[in-house]
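The values are calculated or read from the model by the stated rules, or taken from the named source; none is laboratory data. Only a predicted model underlies this, so the values are computations on that prediction, with no experimental measurement involved. Virtual Cβ from ideal backbone geometry, glycine too; neighbours counted across all protein chains shown. Note: areas computed on protein heavy atoms with side chains; ligands, DNA, RNA excluded. Shrake-Rupley method; radii C 1.70, N 1.55, O 1.52, S 1.80 Å.
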Amino acid sequence: MIHSLRISFFILLFLLTGCVGVDIEDYADSEPRLDIAEYFTGTTRAWGMVQDYSGEVQRRFTVEIQGTYEADTLTLDESFVFSDGETDRRVWTFERIDAHHWVGTASDVEGHVKARQYGHAFHMRYPLEIAIDGRMITFTMDDWMYLQPDGRLINRTAMRKFGLTLGEITLVFEKTFENTGQ
């Protein structure tokens, strides 16, 4: 009896949390304003970690990003170095649709990604295949970026499968001196 109540509680909790979410437009009046083309043009550096469902850190990494913006197209060439020495590279291309909307693509992301920016926030959701224990697993990445008053950008990504958050990625981006004119 207690076991079935516990299962029912978790099913109800899962259904309720699936209905709750933040609308990026709620940040429309927030400051400082984030424009990803302005922020990522030039060289940006980031430090990050991947945590599993329990919060345990599984991997740490740095990433250097070379960004170019021409004719409403932002290209981000990302070079990752993980704490175990592994390296990886991803190239994102974002097309600006208007002041708030972008469409992105990357070689390891299936299809076109719709992204939005309002106020200090940027959001996109996309499928990404990740190798785990020798198997390729497709996660839905729910990616949020928040520009801070000091110019740093905090990125939180929930890695979801079947609606459950199985991992999280946290990054802190910082413009290099090249970008800030210092």
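To keep it simple, each residue is scored yes or no on (1) among the aliphatic types (A, V, I, L, M); (2) touching an Asp or Glu at 6+ places or on another chain (Cβ under 7 Å).
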residue: A99; (1), (2): yes, no
residue: T105; (1), (2): no, no
residue: E110; (1), (2): no, no
residue: M124; (1), (2): yes, yes
residue: E129; (1), (2): no, yes
residue: T138; (1), (2): no, yes
residue: Y146; (1), (2): no, no
residue: K161; (1), (2): no, no
residue: V172; (1), (2): yes, no
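What do you reckon, is T105 at pLDDT below 95, of a type in the set (S, T, Y) and closer than 29 Å to M136 by Cα?
On the way: at pLDDT below 95: no; of a type in the set (S, T, Y): yes; closer than 29 Å to M136 by Cα: yes.
Judged against the criteria, T105 is not a match.
When E95 is evaluated against the numbered criteria (1) surrounded by 14 or more Cβ atoms within 10 Å (Cβ to Cβ); (2) more than 14 Å from the chain's Cα centre (by Cα); (3) at pLDDT below 95, which criterion, by number, is the only one it fails?
(3)
How many of the residues in the stretch 80-117 are under 13 Å from I36 (Cβ atoms) and touching a Ser or Thr at 6+ places or on another chain (Cβ under 8 Å)?
Step one: filter the stretch 80-117 for residues under 13 Å from I36 (Cβ atoms), giving 92-97, 99-104, 113, 115-117.
When the remaining residues are screened for being touching a Ser or Thr at 6+ places or on another chain (Cβ under 8 Å), the result is 92-96, 104, 113.
Residues that pass the stated criteria total 7.
Being in contact (Cβ under 8 Å) with a residue 40 or more places away in the chain, open to solvent by less than 80 Å² (accessible area, probe 1.4 Å) and assigned to a strand (DSSP E or B) is true for just one of V103, V50, V81. Which residue is that? Write out each step before concluding.
On the way: V103 fails: in contact (Cβ under 8 Å) with a residue 40 or more places away in the chain; V81 fails: in contact (Cβ under 8 Å) with a residue 40 or more places away in the chain.
After ruling out the rest, the residue left standing is V50.
Matching residues to (1) farther than 19 Å from I169 by Cα; (2) among the β-branched types (V, I, T):
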| residue | (1), (2) |
| --- | --- |
| L34 | yes, no |
| V50 | no, yes |
| E56 | no, no |
| F61 | no, no |
| G67 | yes, no |
| D72 | yes, no |
| E86 | no, no |
| E95 | yes, no |
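Which members of the stretch 53-78 meet the condition of being open to solvent by 40 Å² or more (accessible area, probe 1.4 Å), of a type in the set (G, A, S) and within 19 Å of A106 (Cα to Cα)?
Selection gives A71 alone.
I need the full set of residues from the stretch 140-179 which are under 15 Å from P127 (Cβ atoms) and basic (K, R), in order please.
Scanning the stretch 140-179 gives R160, K161.
For the stretch 124-156, what are the residues that are open to solvent by 90 Å² or more (accessible area, probe 1.4 Å), assigned to a loop (DSSP other than H, G, I, E, B) and free of Cβ contacts under 8 Å to residues at least 24 places away in the same chain?
Going residue by residue through the stretch 124-156, those that are open to solvent by 90 Å² or more (accessible area, probe 1.4 Å) are 125, 129, 133, 135-136, 149-150, 152, 156.
Retained after the next criterion (residues that are assigned to a loop (DSSP other than H, G, I, E, B)): 133, 149-150, 152.
Across the stretch 124-156, the qualifying residues are D133, D150, R152.
Inside the stretch 169-180, can you point out the residues that are modelled with pLDDT of 95 or more and buried (at least 17 other Cβ atoms within 10 Å of the Cβ)?
Looking only at the stretch 169-180, we keep the residues that are modelled with pLDDT of 95 or more, and these are 169-174.
Residues satisfying the conditions are I169, L171, F173.
Against the condition surrounded by fewer than 14 Cβ atoms within 10 Å (Cβ to Cβ), free of Cβ contacts under 8 Å to residues at least 12 places away in the same chain and more than 18 Å from E38 (Cβ to Cβ), how does G163 come out, does it pass? First the steps, then the outcome.
Values: surrounded by fewer than 14 Cβ atoms within 10 Å (Cβ to Cβ): yes; free of Cβ contacts under 8 Å to residues at least 12 places away in the same chain: no; more than 18 Å from E38 (Cβ to Cβ): yes.
No: the conditions fail for G163.
Give all pairs with beta carbons closer than 7 Å in which a residue from the stretch 108-120 that is open to solvent by 50 Å² or more (accessible area, probe 1.4 Å) meets a residue that is of a type in the set (D, E, K, R); count only pairs at least 6 apart in sequence or on separate chains.
D108/R90; D108/E129
Residues in the stretch 53-77 that are out of contact with any Ser or Thr (no Cβ under 9 Å at 6 or more places or on another chain), within 25 Å of A99 (Cβ to Cβ) and assigned to a strand (DSSP E or B): how many?
Adding up the residues that qualify gives 1.
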